[in-house]
Amino acid sequence: MAKNLHTDNAPDISTVKPHFLFAAIGLVAVGILLVFSTGYFSDTYYEHHLLAITHAAVLGWLMMLIFGSLYQLIPVIFDTALYSEKLAKFTFWITAISIVFLVYTFWIGDYTVLLPYAATSMYLSLFFFIFNIMLSYKNARLKNFKSLFILAAVFWLLMTETEALLTVFNFKYQFFKATHLVHLHNHAIMGLIGFFIMMIFGVGTTLIPMFLISHKLNESLLKSSFVFLNFGLTGLMITKYFIDNQYLTIAFWLFVIVGAAYYFAYIYDSYKHRMKKTLDVGMKYTMLSLVFIIAPVTISMALILIPDGLAYAETIILLFGMSMIFGVFTTIALGQTYKTLPFIIWLEKYQKLVGKYHTPLPRELYNEKVAGLQFYLYMLFLALMLTGLILQSGIVIQIATIMFLLVTLLYNYNVWLMFFHDSKKYINERDKEILTNK
């Protein structure tokens, strides 16, 4: 499997590793911000501290992790080298600076002075990423529905950030007729579904069958998923911008749900035909995320059907956002980190030593007991957080955020353990052990 993640076109490790490291630190930052923001969960979902936490999670943690993973997977998905590793490294630094700047701006609630600069910087950094991926796709020798998911995700990322940038400047110049909340909703839908869902599905169609060791899957399910998802999302945007009709909104949202259902049928097909029967901690996270998507799907239908002005609407919107960002996206991100990062580090440390020395398995580069504890604490966090939001209990939410902070620390422990793994020390210790046993 390590071989599947590494080809002659694979980028240098220095292009990929910083993204995982920044994402790990970003996750801890999210945990700290959550602990000190319990009181804000009784406020509106667009309260500026909550917007800061949201952007720290989706940009500083999830998106940075996706960037690093995608750079490593481009040779596998597109069967070509990344267009420019120098551009990828430059993009990393400008993206990292922009994320910190943007989160800080939201945290202090400066919408008219600093936010336009932060949003512009973020837009440029994402444009460089899109440019690199598009030119890589242009050179691709492998163009199928797996790669089209990535291409669609990149398109929706551009739409998401364009909407965000225009909304930010609207705070100052007020050229939109609709309220800021309408554009905030559009930004969230295009980002969460258009970019994150599409990107996770695209990457997942390669990684999940690879790690489950399953073959001869029904590719037509992917085609149906791609068509329904993009048709539904495009329809949703048309109704949001041009036609305010609840029935059309429900119809197009159902297309999105059907598209997701086709994807899950593909993953179930992969699970059913898997050769690897025992699931490790990484795949447990992945399977949990696929089950947990039932929550935001159910909540989303409630959001469409509830009447305007309902007192409980704010809580329902918060439930939807938390279930998507943490229940689905963070869950699968935590799981796939334990599948991809060990291979990436293993390739760096041991690829040239295979056949010469006894080398560890990739999963031996991190502490499996710590990863297991992290998994159960994370499930506890999800249960407590959603319960606290439903009951509007500050105490339960506070306990949940502490659980999440512990999860981030355990996760970082394993990430740093992998990053600072000493291959020479491991080989020397193994040699001594072999000699002792003889």
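The values are calculated or read from the model by the stated rules, or taken from the named source; none is laboratory data. All values reported here derive from a predicted model rather than from experimental measurement. Positions of Cβ are generated from backbone atoms using ideal geometry, with glycine treated the same way; all protein chains shown enter the neighbour counts.
You will find that of Leu233, Leu229, Leu248, the residue that is surrounded by 14 or more Cβ atoms within 10 Å (Cβ to Cβ), free of Cβ contacts under 8 Å to residues at least 24 places away in the same chain and touching a helix residue (DSSP H, G or I) at 6+ places or on another chain (Cβ under 6 Å) is Leu248 and no other.
Any chance you could count how many residues in the stretch 53-81 are over 21 Å from Phe196 (Cβ atoms) and either acidic (Asp, Glu) or outside any helix (DSSP H, G or I) (or both)? Qualifying residue count for the region: 3. Does Thr95 satisfy the criteria of being closer than 20 Å to Leu59 by Cα, surrounded by fewer than 16 Cβ atoms within 10 Å (Cβ to Cβ), among the polar types (S, T, N, Q) and under 24 Å from the mean Cα position of the chain (by Cα)? Criteria not met by Thr95. When the stretch 172-226 is filtered for residues that are farther than 22 Å from Thr286 by Cβ, of a type in the set (A, V, I, L, M, F, W, C) and modelled with pLDDT under 85, the ones remaining, listed by number, are Phe175, Phe176, Ala178, Leu181, Val182, Leu184. For Ala400, the criteria (1) in contact (Cβ under 8 Å) with a residue 60 or more places away in the chain; (2) buried (at least 21 other Cβ atoms within 10 Å of the Cβ); (3) of a type in the set (Gly, Ala, Ser) hold in every case but one, which is (1). When Leu288 is tested against (1) more than 21 Å from Gly194 (Cα to Cα); (2) part of a helix (DSSP H, G or I); (3) out of contact with any Gly (no Cβ under 8 Å at 6 or more places or on another chain); (4) aliphatic (A, V, I, L, M), just one condition goes unmet, and that condition is (3).
A search for C-beta distances below 7 Å between a residue of the stretch 27-50 that is farther than 18 Å from Ala188 by Cα and any residue that is of a type in the set (Phe, Trp, Tyr), counting only pairs 6+ apart in sequence or on different chains, returns Leu27/Trp61; Leu27/Tyr411; Val30/Trp61; Gly31/Phe404; Leu34/Phe404.
Against the test of being closer than 28 Å to Leu181 by Cβ and touching a residue at least 40 places away in the same chain (Cβ under 8 Å), the options Ser289, Ser323 yield a single qualifying residue, Ser323. Exactly one residue among Ala88, Ala52, Ala24 is under 29 Å from Leu377 (Cβ atoms) and over 16 Å from the mean Cα position of the chain (by Cα), and that residue is Ala52.
Scanning the stretch 211-226 for residues that are assigned to a helix (DSSP H, G or I) and over 24 Å from Thr337 (Cα atoms) gives Ser220, Leu221, Lys223, Ser224, Ser225, Phe226. Whenever a residue of the stretch 405-431 is within 10 Å of Tyr366 (Cα to Cα), its partners that are among the charged types (D, E, K, R) and in a helix (DSSP H, G or I), lying with C-beta atoms within less than 8 angstrom and at least six residues away or across chains, give the pairs Phe419/Lys17; His421/Lys349. Val370 passes every criterion in (1) at pLDDT 90 or above; (2) crowded, with 22+ Cβ neighbours inside 10 Å; (3) among the β-branched types (Val, Ile, Thr) apart from (2).
Among residues that are free of Cβ contacts under 8 Å to residues at least 60 places away in the same chain, farther than 21 Å from Ala56 by Cα and in contact with a Phe, Trp or Tyr (Cβ under 9 Å, 6 or more places away or on another chain), Asn139 is not included.
May I ask you to list the residues in the stretch 30-46 that are outside any helix (DSSP H, G or I) and crowded, with 18+ Cβ neighbours inside 10 Å? Ser37, Tyr45, listed by residue number. Would you confirm whether or not the stretch 73-81 contains a residue that is without any contact (Cβ under 8 Å) to a residue 24 or more places away in the chain and among the acidic types (Asp, Glu)? The answer is no, given that none of the residues of the stretch 73-81 is without any contact (Cβ under 8 Å) to a residue 24 or more places away in the chain and among the acidic types (Asp, Glu).
Taken over the stretch 340-361, the criterion of being of a type outside the set (A, V, I, L, M, F, W, C) and either surrounded by 23 or more Cβ atoms within 10 Å (Cβ to Cβ) or on the phi > 0 side of the Ramachandran plot (or both) is satisfied by Thr340, Gly355.
What residue, among those in the stretch 157-193 that are touching a His at 6+ places or on another chain (Cβ under 8 Å) and in contact (Cβ under 8 Å) with a residue 24 or more places away in the chain, is nearest to Met122 (Cα to Cα)? Restricting to residues being touching a His at 6+ places or on another chain (Cβ under 8 Å) and in contact (Cβ under 8 Å) with a residue 24 or more places away in the chain, the top hit is Ala164.
In this entry, Ala88 is excluded by the filter for residues that are among the small types (Gly, Ala, Ser), at pLDDT 95 or above and surrounded by fewer than 21 Cβ atoms within 10 Å (Cβ to Cβ).
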